[in-house]
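Read the structure below first, then the notes.
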Amino acid sequence: MEGVGFLTILGIIVTASIRSATPLIFASLGGNFSERSGVFNIGLDGIMTIGAFSAVFFSYKTGSPWAGLLGAIVMGGLFGLLLAFMSIYFKANQVIVGTAINILAASLTTFLLVEIWGRPGQTDNVEYFKAVGPFNLFTYLAFVMVIVSYYVMYKTPFGLRVRSVGEHPRAADTLGINVYAIQYICVIISGVLAGIGGASLSIGSMSLFKEGMVAGKGFIALAALIFGKWHPIGAALACLFFGFAVALETVATNLPVPRELLYALPYIMTMLAVSGFVGRSVGPAAGGIPYEKGEK
Amino acid sequence: MESRINEFREGLLNTLKEIAYPLVAILISVIAGGILVYSFGKDPVLAYTSMIKGSLGDWNKFGETLVTVTPLILTGLSITFAFKCNLFNIGVEGQFIMGAIAAVWAGWAFAGLPAILHLTLTLLVGAAAGGIWASIIGWLQAKVGSHVVINGIMMNYIAMYTSNFLVRTALNVSGKAYSVEIADTAKLWRFSQAFVQFKHSRLHTGIIIALIVALVAYYILNKTVRGYEIRAVGFNPDAAEYGGINVSKNIILSMLVAGMFAGLAGAIMTTGVQYRVNTLFGFTGYGLDGISVALVGNIHPIGVILSAFLFGVMQKGGPLMQIQGIPKEVVGIIQGIIILFVAANFVKVIMGNIKQRKELKKTALQEGVE
């Protein structure tokens, strides 16, 4: 690395961190909406896969990446609706439904990939969002969404309602808030955002869909959400930090610690945070419990 | 005598009721899968016949299916056991991974021991590794109050990278992307050594171990005081506490046992099939499939055996479907739909309870008015 200045290396690492944090930010903001309204969304990973695939499919069919983005939004929203419907109407166990969505998403996208492009592995190249400056559209959009999410969640009546539904649905209901409507909206928003996060992988940093391209990023986003204390800005910072761990590994080759430790770092940190060993992270009080109207 | 017949009839009816819904869910999902296949211009009948032929067509295929069924029974039991204590052991995948890698270590490090002793030790080390991994999650839930699902997910990934680290360093001699091989003394006996029918299958005695463990799980849960306590805590922790049951202890204990089942599944894959562990680029799926197995098996040890067999047939039938031009991912799609259906029913049971409680409340209110 002779002749390469420290600042240059730093620049490379920072840029790489932000790039790998981009899809995570969308998904963890999505998770924030869902979980703040009291619905656990373990299906984030699967919905990202659906978003990544849909973006490529619609861009392929129309030749426009904008149509791809729209496709990812719609399909992500539909899978969000599926989770909402199962967990609100049927009061199904949210973790189980999320697991089912993850299994469905992985199989469905591979199935369609083979049926449409006639081979497993990856799709053809499609039109994508080329980089503007150091990043592509999605990265800029991600940072805008962080601010928007923060504003909506903490500065609007809607956000207040969402948070009250997640903390104490009964009290919210008594005050005339439609608990189910709020939950439906929030879980659909979480699907839309996770879908955009997936699209940022397939038509943002690449121009195709690959099997296993999401590879657990939805779960890292979930970890970031928890590590960021269920707060939009906290979650975004956690995504950047987790992105930094990945970037460090790709840039530096001779690290004093095993690379597996860097990979596992987000999960270890999250466990420490949620267990209160480093600044306790506490989730919404009514998270994961289906709300039953009229029950005491 | 007559009352006994009635009792038996009632029991039979209840059992039928319990298995009816999973069967309906399976049927609907199979039809949905068929429609999907048909809508892409393929023959659904061919799809399902090749699924059956590919998994049960001859003795060897049947043997290979049982090889897949074995870990599924054990991970399904792991989910079931924890679920009885109202804990969702999504960390089953990590416990499976730890069991597999620990078995590699024991099977390799204690070479030289007599065969029976070495094999038993290796399986026990694998089970213990899974048990310890799970009881950390149980301890955090019981003593610190951090959620079993969140910690379970995190520990799955930590297990994967721990295993990869060991495969790359301490348990590696070749510099390749897999671990050392276990000694012959730590390998499970294969049916191909005595039965010519299973000559081309890797069927091993692990299936017998899995079936015995299922019976043991049934016995512990339904016939022992410990099992009663675990179920009491799962049903209503406050009432259990009031009744003098130690809630924390039972939470940790049921996670420990659940983890041991999952760890044993991993150890059996090591000692029966793989003999080593490869670098993982994603989850093996045996753990997470245990969730589907347990749900379709109605969270019952015997149901788990049947449902593990069903999933084994679907998974082993996939490759032949693929050869016939039908993507094997249809299996995963069917699996996803089954879980959605079963999950929806689950709750119908709970909703029935709620209804009951509401009626109780209504009568209580009326009494108050009077």
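Points to keep in mind about this one:
- Among the residues of segment B:50-71, not a single one is among the hydroxyl-bearing types (Ser, Thr, Tyr) and surrounded by fewer than 16 Cβ atoms within 10 Å (Cβ to Cβ).
- Among (1) over 22 Å from B:Ile220 (Cβ atoms); (2) within 22 Å of the chain's Cα centre (by Cα), the one test that B:Asn6 misses: (2)
- From the list A:Gly11, A:Gly63, the lone residue that is at positive phi and surrounded by fewer than 17 Cβ atoms within 10 Å (Cβ to Cβ) is A:Gly63.
- Exactly one residue among A:Ile42, A:Ile116, A:Ile96, A:Ile50 is away from every other protein chain (no Cβ under 11 Å) and aliphatic (A, V, I, L, M), and that residue is A:Ile50.
- Residue ID - farthest from the other protein chains (Cβ to nearest Cβ), chosen from residues in segment A:56-93 that are within 21 Å of A:Ile116 (Cβ to Cβ) and in a loop (DSSP other than H, G, I, E, B): A:Ser64
- A:Val257 vs. criteria of a type in the set (A, V, I, L, M, F, W, C) and crowded, with 24+ Cβ neighbours inside 10 Å: no
- Qualifying positions in segment B:287-301 - surrounded by fewer than 24 Cβ atoms within 10 Å (Cβ to Cβ) and either in a helix (DSSP H, G or I) or touching a Ser or Thr at 6+ places or on another chain (Cβ under 6 Å) (or both): B:Leu288, B:Ile299
- Residue list for segment A:3-23, filter: assigned to a helix (DSSP H, G or I) and either among the β-branched types (Val, Ile, Thr) or within 14 Å of chain B (Cβ to nearest Cβ) (or both): A:Thr8, A:Ile9, A:Ile12, A:Ile13, A:Val14, A:Thr15, A:Ile18, A:Thr22
- Within segment B:118-158, being of a type in the set (Gly, Ala, Ser) and more than 9 Å from chain A (Cβ to nearest Cβ) holds for B:Gly126, B:Ala127, B:Ala128, B:Ala129, B:Gly130, B:Gly131, B:Ala134, B:Ser135, B:Gly138, B:Ala142, B:Gly152.
- Residue within segment A:146-159 that is in contact (Cβ under 8 Å) with a residue 60 or more places away in the chain, crowded, with 24+ Cβ neighbours inside 10 Å and closer than 29 Å to A:Ala55 by Cβ present: yes
- Some residue of segment B:304-318 being over 23 Å from B:Lys61 (Cα atoms), part of a helix (DSSP H, G or I) and touching an Asp or Glu at 6+ places or on another chain (Cβ under 8 Å): no
A quick yes/no check of all residues on (1) within 21 Å of B:Ile150 (Cβ to Cβ); (2) buried (at least 24 other Cβ atoms within 10 Å of the Cβ):
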site	(1), (2)
A:Val165	yes, yes
A:Trp230	yes, no
A:Leu237	yes, no
A:Phe244	no, no
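- Index of the failed condition, B:Gly107 passing every other in (1) of a type outside the set (D, E, K, R); (2) closer than 23 Å to B:Ile158 by Cα; (3) out of contact with any His (no Cβ under 8 Å at 6 or more places or on another chain): (3)
- Condition check for A:Ile177: assigned to a loop (DSSP other than H, G, I, E, B) and more than 14 Å from every other protein chain (Cβ to nearest Cβ): yes
- Among the residues of segment A:204-219, those identified as of a type in the set (A, V, I, L, M, F, W, C) and within 12 Å of chain B (Cβ to nearest Cβ) are A:Met213, A:Val214, A:Ala215, A:Phe219.
- Counting the residues of segment B:192-227 that are surrounded by 20 or more Cβ atoms within 10 Å (Cβ to Cβ) and in contact with a strand residue (DSSP E or B) (Cβ under 9 Å, 6 or more places away or on another chain) gives 4.
- Of all residues in segment A:119-129, those that are within 9 Å of chain B (Cβ to nearest Cβ) and out of contact with any Leu (no Cβ under 8 Å at 6 or more places or on another chain) total 0.
- Among the helices (runs of 4 or more DSSP H) confined to segment B:1-114, the ones with at least 3 residues that are within 14 Å of another protein chain (Cβ to nearest Cβ) are located at B:2-39, B:59-83, B:92-109.
- With respect to (1) among the polar types (S, T, N, Q); (2) under 21 Å from B:Phe341 (Cβ atoms); (3) more than 13 Å from the chain's Cα centre (by Cα), the lone exception for B:Asn298 is condition (3).
- Residue count for segment B:159-172, restricted to those that are under 20 Å from the mean Cα position of the chain (by Cα) and facing chain A (nearest Cβ under 7 Å): 0.
- When the test is whether a residue is within 25 Å of A:Tyr150 (Cβ to Cβ) and either of a type in the set (Asp, Glu) or surrounded by fewer than 24 Cβ atoms within 10 Å (Cβ to Cβ) (or both), A:Gly77 passes it.
- Every residue from segment A:277-293 that is at pLDDT 80 or above, over 19 Å from the mean Cα position of the chain (by Cα) and within 12 Å of chain B (Cβ to nearest Cβ): A:Ile289, A:Pro290, A:Tyr291
- The residues of segment A:225-270 that are in a helix (DSSP H, G or I), more than 12 Å from every other protein chain (Cβ to nearest Cβ) and closer than 15 Å to A:Asn32 by Cβ, listed by number, are A:Pro232, A:Ile233, A:Gly234, A:Ala235, A:Ala236, A:Leu237, A:Ala238, A:Cys239.
- Residue ID - nearest to the other protein chains (Cβ to nearest Cβ), chosen from residues in segment A:130-147 that are in a loop (DSSP other than H, G, I, E, B) and within 20 Å of A:Phe58 (Cβ to Cβ): A:Asn136
The values are calculated or read from the model by the stated rules, or taken from the named source; none is laboratory data. Here the structure is a predicted model, which is why all the values come from computation and not from measurement. FYI the Cβ positions are ideal-geometry reconstructions off the backbone, even for glycines, and counts take in every protein chain you see.
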